[in-house]
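The values are calculated or read from the model by the stated rules, or taken from the named source; none is laboratory data. What you see is a predicted model; the values in this text were computed from it and never measured. Here the Cβ positions follow ideal geometry from the backbone for every residue, glycine too, while neighbour counts run over all protein chains shown.
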Amino acid sequence: MAHNSSRPSLLGTRDRIAWRIGGASLDPLTSNPPVLNDQVIPQPLEASRLRSLQALGVLCGFSAGAWLGAAEAPTKLVKAGVSPIVVSLLMVIGVFLARWSLPALIRGTGQIRLDVREAPHLIVWGVLAGCLWAVANTMTIFAIRDIGLSIAFPLWNINSLLGIFWGFVLFNELRDAGRLRWVSVIGGAALMFAGAALLALASSGQMETEHSTRGILAALCAGILWGTMYIPYRKAYLTGMNPLSFVAFFTIGELGMMTVLALGYGGGPSALWRELLNARPALFWLMLGGFVWVIGDVFQQYAAKYVGISRGIPLSNSNQLWGLLWGILVFGELQGRGSSLYAQVIGGSLLMAAGAAAIALSPVTRREHARWHEAAQRESHRYGVDANYVQAGLEGKFQQGVESQHRRNWLDWVLVVLATAVFINLAVLGRVPKMTLNWSALATLCAVMLIFLAGCGAALWKITRFN
C-alpha cells in the first residue's frame, strides 16, 4: 500500500473527533471503519471486543509468569558442574524445537507463510529479537550461578521499566490514558525500583563481593537487553503478525547467536563438543527448560499483543514470584540464611510485584487504544502492509477467507514428530540430578502451571483462534 501523506490521522486530542474522507464525516470511536483505496483504515475496537481482548491479555500475562518462572529452574544444574554457556545453548536448542513444533501443532505452518507474504520485513525484526534474547539468557545463567535464582529473577525484571518507556515513546501506549493511569504507572515503577534495590542489598550482603557484583551486573544487563527486545514484539503485533509466526522467526536469531557465543566462549567446536558429551545426563532437563520457556513466552507474546508492552511485560514478570517459590520451596536456596535475609528477599519481591500489578492492571481506555491504532497506521504506511491485514490482527481475528486455509499438512506433522522423538530419546538417556528437592512443592507448582495452561489455552482458542 503506497504512503499517502494526505491521509488524515486516526485520532486527535479529543475523545470524539470527526474527519472527512471523500466528503464523508467520520467519528473514529463510533462510525463504521472508513475505506481508502479499497482497504480498511485501522479503527478502534468496539467496547465489548476491547474488554474481551484486555481480559485475555491479562490472563495471558499471569500464565506467562507461571511458565517463565518454572523454565529457569533447570539452570540450577550449573551447580552440578555444567558450564553456564552449555546450559544456555541446550535451553536454546529446546526452544528451537518448541518454537517450530508448537505453532505447527496449534495452527499449522500456513499462518507463517501468510505472515511472510504480508509483512516480510518483520522476519528481520524477529531474528534481531532472538539475538538479543540469546545474549540476555546467557547472562541470566551467570547471574543465577553467582547470586541464586530467587535473587536474580527480580533484578533482571527491570525489563518492565524499559517496556513502559519504549511503549510510550515508540508505540503511543499510555497516550491519552488519563491521570489515574499515569499515577499507577509512575507509582508502580517506583515500587519496582525499590524492590530491586532491596534485593541487590540483600545479595551483596550475603555473597563474596566479586561474585555478588558480577551476578548483579549480569542480571541487570539481561534486563536491559530483554527490555529492548520488546520493540520488535510491538512492531510485529501492531502490524498484524500472528504471535505463533513471530516466535518461529525469533528462534532463528536465538539459535544462531547462541551458537556463536558457545563456540567463542567454549574454545571452538572440539571443546564445545566435549562439554556437550559431559553434560549428557542433563541434556533432557535443560532442553525441557527451553520447551517450558517457549510455552511461557507464547503467552507473553499474546499479552504484549492485547494489552501492550507497557502492561503485558510487567504482568508476565510475575515470574519473579514463581522464581522465588521455585528457589525457596523446591531448591531450598535460602535455607539457613537467617530471617533478616528472608525478609529482604521476600519484601523486595513483593514490592516489585506490587509495582508490576499497579502498571499491568491499569486498564486501557478507548482513547488510548485509538492511539495504538495511530501507531498501527504508521507502521502500515512505513512498510506498505495491507491495511486489511493490519486491522484483522488488531482485532484478534483472521482476514476473511484466510482461516479456512489453515490446515495442517505433512510438514507440520513432521515437525511435531521430530520434536517429540528428540525429547523421548533424551528422556531415556537422562538422569535425575543428584540434588535435594522438595518433591511435594514441585508437584504442586507443576499442577498450578497446568491449570494456567489449560485455562489460558482454552480462552485464546475461544476468543481469537490463536491470532
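Things worth noting here:
- Against the numbered list (1) within 15 Å of residue 303 (Cα to Cα); (2) touching a Lys or Arg at 6+ places or on another chain (Cβ under 6 Å), residue 371 comes up short only at (1).
- Looking only at region 70-83, and only at residues there that are in a helix (DSSP H, G or I) and crowded, with 18+ Cβ neighbours inside 10 Å, the one that is modelled with the lowest pLDDT: 78
- Unmet criterion (only one of (1) surrounded by fewer than 24 Cβ atoms within 10 Å (Cβ to Cβ); (2) farther than 21 Å from residue 63 by Cβ) for residue 295: (2)
- Selected residue (criterion: farthest from residue 255 (Cα to Cα)) from residues of region 90-123 that are in a helix (DSSP H, G or I) and among the basic types (Lys, Arg): 117
- Restricting region 423-461 to residues that are farther than 30 Å from residue 54 by Cβ, among the small types (Gly, Ala, Ser) and in contact (Cβ under 8 Å) with a residue 24 or more places away in the chain leaves a set whose member that is surrounded by the fewest Cβ atoms within 10 Å (Cβ to Cβ) is 427.
- In this entry, residue 128 passes the filter for residues that are at pLDDT 90 or above, farther than 18 Å from residue 295 by Cα and outside any loop (DSSP other than H, G, I, E, B).
- Listed by position, the helices (runs of 4 or more DSSP H) contained in region 142-208 that have at least 2 residues being of a type outside the set (Gly, Ala, Ser) and at pLDDT below 75 are 149-156, 179-206.
- Residues satisfying the stated conditions in region 406-464, i.e. in contact with a Phe, Trp or Tyr (Cβ under 9 Å, 6 or more places away or on another chain), at pLDDT below 85 and farther than 24 Å from residue 70 by Cβ: 406
- The criterion of at least 3 residues that are more than 16 Å from residue 103 (Cβ to Cβ) and within 12 Å of the chain's Cα centre (by Cα) is met, among helices (runs of 4 or more DSSP H) falling completely within region 238-316, by 309-316.
- Scanning region 352-360 finds one or more residues that are over 19 Å from residue 180 (Cα atoms), crowded, with 22+ Cβ neighbours inside 10 Å, within 23 Å of the chain's Cα centre (by Cα) and not small (Gly, Ala, Ser).
- Cross-chain or 6+ apart pairs with Cβ under 9 Å, region 44-69 first and over 19 Å from residue 157 (Cα atoms) and surrounded by fewer than 18 Cβ atoms within 10 Å (Cβ to Cβ), then at pLDDT 90 or above and among the small types (Gly, Ala, Ser): 55/459
- The listed residue being surrounded by fewer than 14 Cβ atoms within 10 Å (Cβ to Cβ) and either touching a strand residue (DSSP E or B) at 6+ places or on another chain (Cβ under 7 Å) or of a type outside the set (Asp, Glu) (or both), out of 464, 420: 420
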